[in-house]
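Visitor: Before we start, here is the structure in question, set down as structure tokens.
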There are 2 protein chains.
Amino acid sequence: AHQEPKSFNGSLKRVAVEELSRQGCAVTVSDLYAMDFEPRATRKDIAGAVSNPEVFSYGVEAYEACKKRCLTSDILEEQKKVQEADLVIFQFPLYWFSVPAIMKGWMDRVLCQGFAFDFPGIYDAGFLKGKLALLSLTTGGTAEMYTRTGASGDFRYFLWPLQHGALHFCGFQVLAPQISFAPEYASE
Amino acid sequence: AHQEPKSFNGSLKRVAVEELSRQGCAVTVSDLYAMDFEPRATRKDIAGAVSNPEVFSYGVEAYEACKKRCLTSDILEEQKKVQEADLVIFQFPLYWFSVPAIMKGWMDRVLCQGFAFDFPGIYDAGFLKGKLALLSLTTGGTAEMYTRTGASGDFRYFLWPLQHGALHFCGFQVLAPQISFAPEYASE
């Protein structure tokens with residue numbers, strides 16, 4: 001997720017695609033800004049009638065729609081890509097110690113109950129078990145800031161909600177992150 | 001941020017508005033879903049020309065646009081509300097250990113460099129110092145799951161990126177969070 005193909009994030013994405021393709025992997029890219037991906041979780045995500053028209057619960061309705069295969073097409077397309085993937089790489093610049101809203105929306109909408117998990121069926125029993133996930137991110141702050149005694153704390157603190165709360169929750173095995181600290185200030 | 005006014009989140013918002021108003025406070029509400037708030041940080045946030053048309057950097061361009069007062073109107077309106085506030089309450093259901101994408105987009109776009117912080121001018125020197133912030137959130141999981149030995153870990157782990165990485169970074173003094181664990185399963 002980056003607005004600019006010529007950015008450092010864009011380069012990291014391109015190099016990853018080239019190298020994985022060279023190794024014989026089939027690579028599918030979801031360029032969220034280029035797709036103008038919808039981040040908002042709303043009633044529009046359910047094609048057709050909702051189960052409770054009086055009080056709208058996104059989680060309940062998305063779960064029902066997932067089971068009935070009537071989620072909106074952009075969600076179904078992303079779910080298909082995830083289903084077919086052995087490894088999902090998330091490439092993004094860190095915004096407020098997390099993913100940019102457009103990628104948060106991808107997580108909120110694509111990783112719905114019934115597709116990525118159910119109860120039981122979370123963490124090691126999440127539906128995406130057997131798949132790998134990797135966060136590749138850039139930061140504004142330097143590596144020194146992201147240490148236990150630095151102003152921003154250990155970088156592992158901000159990884160927790162993403163790696164454990166979202167990815168591991170869905171069953172992903174999370175690989176070591178690729179963090180490019182402060183590329184804006186790097187010389188080479 | 002909730003899609004449904006009749007939800008538990010909607011009720012918490014309404015009660016907070018009523019009680020604060022009763023105490024004589026002037027309360028302004030940004031109902032993000034009702035506003036169809038834009039979460040995506042894009043070129044469209046800059047009204048007029050960008051400083052570098054060759055390579056688009058959102059952070060750089062938003063900073064420049066902020067200084068020249070040419071950010072898009074929905075951002076300026078939210079910044080005005082923040083500027084006038086002594087206390088900002090964020091009311092939301094926890095999505096993936098964080099705020100829903102629509103609220104993440106509010107943070108990404110509204111709390112830009114030049115408005116909420118600059119360098120130096122972060123953490124205790126953030127531009128929003130003197131203001132209070134409070135997270136009021138609901139969870140799907142129970143309080144037991146959000147303990148150090150529970151499956152989801154201590155709830156304070158997921159608060160870190162929001163309370164420290166975003167709010168404290170901008171200078172907010174963060175009040176103790178109001179967490180309503182698993183209201184779906186509560187009896188009364």
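Visitor: Taking each pair of different alpha-carbon atoms in the protein assembly as shown once, compute 1/r for the pair, average those values, and report the inverse of that mean as the Kirkwood hydrodynamic radius in Å to one decimal.
Guide: 21.5 Å
Visitor: Rounded if a/c is under 1.5, else prolate if a/b beats b/c, else oblate: with a ≥ b ≥ c from the C-alpha gyration tensor eigenvalues square-rooted, which is the stretch A:8-55?
Guide: Details: a/c = 5.53, a/b = 2.75, b/c = 2.01.
Prolate, since a/c reaches 1.5 and a/b exceeds b/c.
Visitor: So what's the back-of-envelope 222 nm ellipticity for the protein assembly as shown, counting only DSSP H runs of four-plus at -39500 (n - 2.57) apiece and dividing by all residues, rounded to 500?
Guide: Calculated from helices alone, the mean residue ellipticity at 222 nm is -8500 deg cm²/dmol.
Visitor: Out of all DSSP beta bridges with both ends in chain A, state the antiparallel percent to the nearest 5.
Guide: Rounded to the nearest five, the antiparallel share is 15 percent.
Visitor: Trypsin sites (Lys or Arg not before Pro), restricted to the stretch B:1-55: which are DSSP loop and have at most 13 other Cβ atoms within 10 Å?
Guide: Filter output for the stretch B:1-55: B:LYS6.
Visitor: Let me ask another. In percent, what relative contact order does chain A have, based on Cα pairs under 8 Å that are 6 or more apart in sequence? Walk me through the numbers before you get to the answer.
Guide: Values: 262 pairs, mean separation 41.0, N = 188.
Worked out over chain A, it gives 22 percent.
Visitor: Nm distances between the label at A:GLN83 and the same-position labels in the remaining copies, 7 Å along Cα→Cβ, shortest first?
Guide: 5.0
Visitor: Another question, if that's okay. Out of A:LEU111, A:ALA65, A:VAL82, whose Cα points farthest toward the positive end of the dipole of chain A (charges: +1 Lys, Arg; -1 Asp, Glu; placed on Cβ)?
Guide: Among A:LEU111, A:ALA65, A:VAL82, the one farthest towards the positive end of the dipole of chain A is A:ALA65.
Visitor: Would you mind telling me the antiparallel percentage of the DSSP bridges in the stretch B:83-188, rounded to 5?
Guide: If we restrict to bridges inside the stretch B:83-188, about 5 percent are antiparallel.
Visitor: Let me ask you something else. What is the dipole size for the stretch A:46-188, taken about its Cα centre, with +1 at each Lys and Arg Cβ and -1 at each Asp and Glu Cβ, in debye to the nearest 20?
Guide: 240 debye
Visitor: Now a separate question. About the Cα centre of the stretch A:1-92, what is the dipole size in debye to 20, counting +1 per Lys and Arg Cβ and -1 per Asp and Glu Cβ, all else neutral?
Guide: Numbers: 12 positive and 15 negative charges, 14 e Å.
It works out to roughly 60 debye.
Visitor: Another one. Using a 1.4 Å probe on the protein heavy atoms only, what accessible surface does B:CYS70 show? Give it in Å² to the nearest 10.
Guide: Accessible area, nearest 10 Å²: 30 Å².
Visitor: Just from the alpha-carbon atoms, what are the Rg and Dmax of chain B in angstroms?
Guide: According to the Cα coordinates of chain B, Rg and Dmax are 17.6, 58 Å.
Visitor: Using a label point 7 angstrom from Cα along Cα-to-C-beta, what distances in nm, from shortest up, separate B:PRO53 from the other copies?
Guide: Inter-copy label distances (nm, one decimal, shortest first): 5.1.
Visitor: Which trypsin sites (Lys or Arg not before Pro) in the stretch B:81-134 pass both tests, a DSSP loop state and at most 16 other beta-carbon atoms within 10 Å?
Guide: B:LYS129
Visitor: Then there's this: With the Cα gyration tensor of the stretch B:56-97 in hand, convert its eigenvalues to equivalent ellipsoid semi-axes via √(5λ) and list them largest first in whole Å.
Guide: Taking √(5λ) for each Cα gyration eigenvalue gives 24, 17, 8 Å.
Visitor: Now for a separate question. Compute the helix-to-body angle for A:101-110: its Cα long axis versus the longest principal axis of chain A, expressed 0 to 90° and rounded to tens.
Guide: Computed tilt is about 40 degrees.
Visitor: Still on this structure, please answer the following. Please determine, in degrees from 0 to 90 and to the nearest 10, the orientation of helix A:8-22 with respect to the longest principal axis defined by the Cα atoms of chain A, where the helix direction is its Cα long axis.
Guide: Compared with the principal axis, the helix lies near 80 degrees.
Visitor: Just how far, in whole angstrom, is the stretch A:1-77 from the stretch A:104-124 if you go by their alpha carbon centroids?
Guide: Here the two parts' Cα centres lie 13 Å apart.
Visitor: Among the listed pairs A:LYS80/B:LYS104; A:LYS80/B:LYS6; A:LYS6/A:LYS67; A:LYS104/A:LYS131; B:LYS67/B:LYS129; A:LYS44/B:LYS80, give every one whose C-alpha distance is greater than 28 Å.
Guide: In this structure, A:LYS80/B:LYS6; A:LYS6/A:LYS67; A:LYS44/B:LYS80 exceed 28 Å between Cα atoms.
Visitor: Quote the charge dipole size of the protein assembly as shown about the Cα centre in Debye, to the nearest 20; the model charges only the Cβ of Lys and Arg (+1) and of Asp and Glu (-1).
Guide: Dipole of the protein assembly as shown, to the nearest 20 debye: 60 debye.
Visitor: Calculate how many DSSP beta bridges within the protein assembly as shown are antiparallel, expressed in % of all such bridges and rounded to the nearest 5.
Guide: Details: 4 of 30 bridges.
DSSP beta bridges in the protein assembly as shown are roughly 15 percent antiparallel.
Visitor: Taking the simple approach of a point 7 Å from Cα along Cα-to-Cβ for both A:LEU132 and A:TYR185, what is their distance in nm?
Guide: Simple spin-label model gives 3.2 nm for this pair.
Visitor: Between copies, how far does the label point of A:LYS67 sit from its twins, in nm, shortest first, when each point is 7 Å from Cα along Cα→Cβ?
Guide: Nearest to farthest, the other copies are at 5.6 nm.
Visitor: Related question: Suppose all protein chains stay in the model; what accessible area per residue would a 1.4 Å probe give for the stretch A:1-107, in Å²?
Guide: So the stretch A:1-107 comes to 50 Å² accessible per residue, rounded to a whole number.
Visitor: Between A:PHE90, A:PHE119, A:PHE158, find the one with the highest GNM mean-square fluctuation for chain A; connect C-alpha pairs within less than 10 Å.
Guide: A:PHE119
Visitor: How high is the FRET efficiency from A:VAL29 to A:VAL60, r the C-beta distance, R0 30 Å, rounded to 0.05?
Guide: Calculated transfer efficiency: 0.40.
The values are calculated or read from the model by the stated rules, or taken from the named source; none is laboratory data. A quick note: this is a predicted structure, and the numbers were derived from the prediction, not measured. Counting neighbours? That spans all protein chains shown, and the Cβs are built from the backbone with ideal geometry, glycine included. We work out accessible area using only protein heavy atoms, side chains counted, and drop any ligands, DNA or RNA first. Shrake-Rupley method; radii C 1.70, N 1.55, O 1.52, S 1.80 Å.
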